[in-house]
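*Asks:* Just dropping this structure here.
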2 protein chains.
Amino acid sequence: MDQVEIFKALSNKTRLQILNWLKEPELHFPEQKENGFEHGVCVGRIHQKAGLTQSTVSEYLTSLQRAGLVTATRAGQWTYYKRNEETFAALSRLIQSEI
Amino acid sequence: MDQVEIFKALSNKTRLQILNWLKEPELHFPEQKENGFEHGVCVGRIHQKAGLTQSTVSEYLTSLQRAGLVTATRAGQWTYYKRNEETFAALSRLIQSEI
DNA sequence: TTGGTATATCGGGAAAAGCCGATATATCTT
DNA sequence: AAGATATATCGGCTTTTCCCGATATACCAA
């Protein structure tokens, strides 16, 4: 758990936005409803909603993953990204006791 | 409470270090003991301990203050910086409920 | 195999952050 | 007023971040 890396990942409006969308995928990505959200949301939908290029969003998701804030699951041609709530909980604890 | 600004302020090893020192000033800045720590620690001592130039440390402290993570109190020729625990508590809550 | 779709990676230009040395400002002392 | 001390600000160089378009890679379908 690299603190600096986590805070850097969180230091961007779009990335915070993405994390927020992933809190309630059914609400923010209703198009994907039939496929379910067990593994999260695929890059393409996040890309469309974010209004940035595919490459930028892909890089953002990778950086969130490196920080441990999301997990990635490949399924066929899609990669699904999902929040990793444990990291958020750990970070919250860290802030009130360690930092 | 600008989330991005807070996370940017926390995205630096030295600044995290400073915040950590300020948790226990009497432990990390014993030289200042006779003056007390009610208003925190003055820039010069933090500068010496950090091993970066005075200007850099002054800028770092200003950025921590802008983020609301510390408060600054001027007393004579000294400026004392002190942790603002309310912001840390609020941030901790924010992470576990909002972000 | 060929082509289509989804994602990742690469190269790069612009903007911001990391630091520094020099200098300005504020305050105290004499 | 003049000098000393503490902090803030400014100009600049270097590294990193922000994004992009182009291209590569992976997978699927015919």
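The values are calculated or read from the model by the stated rules, or taken from the named source; none is laboratory data. The shown structure was predicted, so the numbers you read here are calculated from the model rather than taken from an experiment. Reconstructed Cβ throughout: ideal geometry from the backbone, glycine too, with neighbour counts over all protein chains shown. Accessible surface is based on the protein model in full, side chains and every heavy atom, while ligands, DNA and RNA are left aside. Shrake-Rupley method; radii C 1.70, N 1.55, O 1.52, S 1.80 Å.
*Asks:* Name the one entry in A:GLN3, A:GLN17 that is within 29 Å of B:LYS13 (Cβ to Cβ), of a type in the set (S, T, N, Q) and in contact (Cβ under 8 Å) with a residue 40 or more places away in the chain.
*Replies:* Answer to the check: A:GLN3.
*Asks:* Same structure, new question: Among the residues of the range A:16-61, how many are touching a Pro at 6+ places or on another chain (Cβ under 8 Å), within 11 Å of DNA strand C (Cβ to nearest atom), over 15 Å from A:PHE88 (Cβ atoms) and not in a helix (DSSP H, G or I)?
*Replies:* Qualifying residue count, the range A:16-61: 1.
*Asks:* Also, I was wondering about something else. Tell me the residue from B:VAL41, B:VAL70 that is near DNA strand D (Cβ under 10 Å from one of its atoms) and under 27 Å from B:GLN3 (Cβ atoms), please.
*Replies:* Values: B:VAL70 fails: near DNA strand D (Cβ under 10 Å from one of its atoms).
B:VAL41 is the lone residue from the list that is near DNA strand D (Cβ under 10 Å from one of its atoms) and under 27 Å from B:GLN3 (Cβ atoms).
*Asks:* Is there any pair linking a residue in the range B:47-72 that is touching a residue at least 60 places away in the same chain (Cβ under 8 Å) to one that is assigned to a helix (DSSP H, G or I) and more than 11 Å from DNA strand C (Cβ to nearest atom), with Cβ under 6 Å and at least six apart or on different chains, and which?
*Replies:* Cβ pairs passing all conditions: B:ALA67/B:ILE6; B:GLY68/B:THR87; B:LEU69/B:THR87.
*Asks:* Let me ask another. Looking at the range B:9-37 only, could you name the residues that are more than 12 Å from DNA strand D (Cβ to nearest atom) and polar (S, T, N, Q)?
*Replies:* If the condition is that a residue be more than 12 Å from DNA strand D (Cβ to nearest atom) and polar (S, T, N, Q), then B:THR14, B:GLN17, B:ASN20 are the ones that fit.
*Asks:* Give the residue that is nearest to B:CYS42 (Cα to Cα), with candidates limited to residues of the range B:62-95 that are assigned to a loop (DSSP other than H, G, I, E, B), under 13 Å from the mean Cα position of the chain (by Cα) and more than 12 Å from every other protein chain (Cβ to nearest Cβ).
*Replies:* B:ASN84
*Asks:* Okay, moving on. Scan the range A:43-53 and give yes if some residue there is out of contact with any helix residue (DSSP H, G or I) (no Cβ under 8 Å at 6 or more places or on another chain) and within 14 Å of chain B (Cβ to nearest Cβ), otherwise no.
*Replies:* Within the range A:43-53, not a single residue is out of contact with any helix residue (DSSP H, G or I) (no Cβ under 8 Å at 6 or more places or on another chain) and within 14 Å of chain B (Cβ to nearest Cβ).
*Asks:* So, A:ARG74, is that one charged (D, E, K, R), open to solvent by less than 80 Å² (accessible area, probe 1.4 Å) and near DNA strand C (Cβ under 9 Å from one of its atoms) or not?
*Replies:* no
*Asks:* Another question, then. Of the residues that sit in the range A:3-24 and are more than 10 Å from chain B (Cβ to nearest Cβ) and in contact with a Lys or Arg (Cβ under 8 Å, 6 or more places away or on another chain), which one is surrounded by the most Cβ atoms within 10 Å (Cβ to Cβ)?
*Replies:* Checking each candidate, the answer is A:LEU22.
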